[in-house]
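Participant: Have a look at this one.
What follows draws every value from the coordinates through simple rules; no lab data is involved. These numbers come from a predicted model, not from an experiment. Note that we place each Cβ from the backbone using ideal geometry, even for glycine, and neighbour counts take in every protein chain shown.
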Amino acid sequence: MLLPLKESLEITLGKLTKGDTLFVAYLASIDPHTKQPWCPTVRAALPAFNNIFNSSKKLNLVHVYVGNMPQWRTSENLYRKKFGISAVPTLGRYYRDAEGNLQNSLLVDYDCLDAQKLSKFIE
């Protein structure tokens, strides 16, 4: 299910409890001229993301936009620095382990376009 990101990503992830999993799609921001993400790989991945998550009531997804192209390309980009995102699209899976520590794994860039890898990642 696609959920709105009502707070900062940090706060949202901080509220995850044991047994909860949240998927985060890190995406290129929407280009004001084309009304689509500026990154072609993101445009290609979005239909698969939306199909999988919109058809499930158990899987929760939020979209996070990393900025326009110049903002994304800077080494100071918040998502590069704080969340370790190196490419868009990236699909992150966040959950709490048995001790309550926040854990994550990432499916990065062209791997998001591979239906088999995407399916295995969300299992």
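Participant: For the chain, what is the calculated [θ] at 222 nm in deg cm²/dmol (nearest 500), taking -39500 (n - 2.57) for each run of four or more DSSP H residues and dividing by its residue count?
Facilitator: Only helices count here, giving -8500 deg cm²/dmol.
Participant: Next question. Taking 2.2 N^0.38 Å as the expected size of a compact globular protein, what ratio does the Cα radius of gyration of the chain give against it, to two decimals?
Facilitator: 1.03
Participant: Compute the FRET efficiency between Asp97 and Asn50 as 1/(1 + (r/R0)^6), taking r as their Cβ-Cβ distance and R0 = 41 Å, and round to the nearest 0.05.
Facilitator: 0.90
Participant: Something else: Under a point spin-label approximation (7 Å from Cα along Cα-to-Cβ), what is the Arg73-Tyr110 distance to one decimal in nm?
Facilitator: Here the answer is 2.1 nm between the modelled labels.
Participant: Where does each of 95-107, 62-74 land if you order them by average Cβ count within 10 Å, highest first?
Facilitator: Output ranking for 95-107, 62-74: 62-74, 95-107.
Participant: Restricting to the chain, compute how many DSSP beta bridges are antiparallel as a %, nearest 5. Working shown, then result.
Facilitator: Values: 14 of 20 bridges.
Of all bridge pairs located within the chain, approximately 70 percent are antiparallel.
Participant: Does anyone have the angle between helix 40-54 and the longest principal axis of the chain? Alpha-carbon axes, 0 to 90°, nearest 10?
Facilitator: For 40-54 against the chain, the angle is about 30 degrees.
Participant: Amide H to amide H, which residues 5 or more places from Ile85 or on other chains are under 5 Å from it, using H placed in the peptide plane?
Facilitator: Counting only residues 5 or more places away or on other chains, the set is Arg80.
Participant: Counting other beta carbons within 10 Å of each Cβ, put Lys18, Lys57 in order, fewest first.
Facilitator: Values: Lys18 11, Lys57 7.
Final ranking by Cβ density, sparse to dense: Lys57, Lys18.
Participant: Oh, and also: Cross-chain or 8 or more residues apart, Cα under 20 Å: how many lysine pairs in the chain fit that? Count them up, please.
Facilitator: Within the chain, the lysine pair count is 12.
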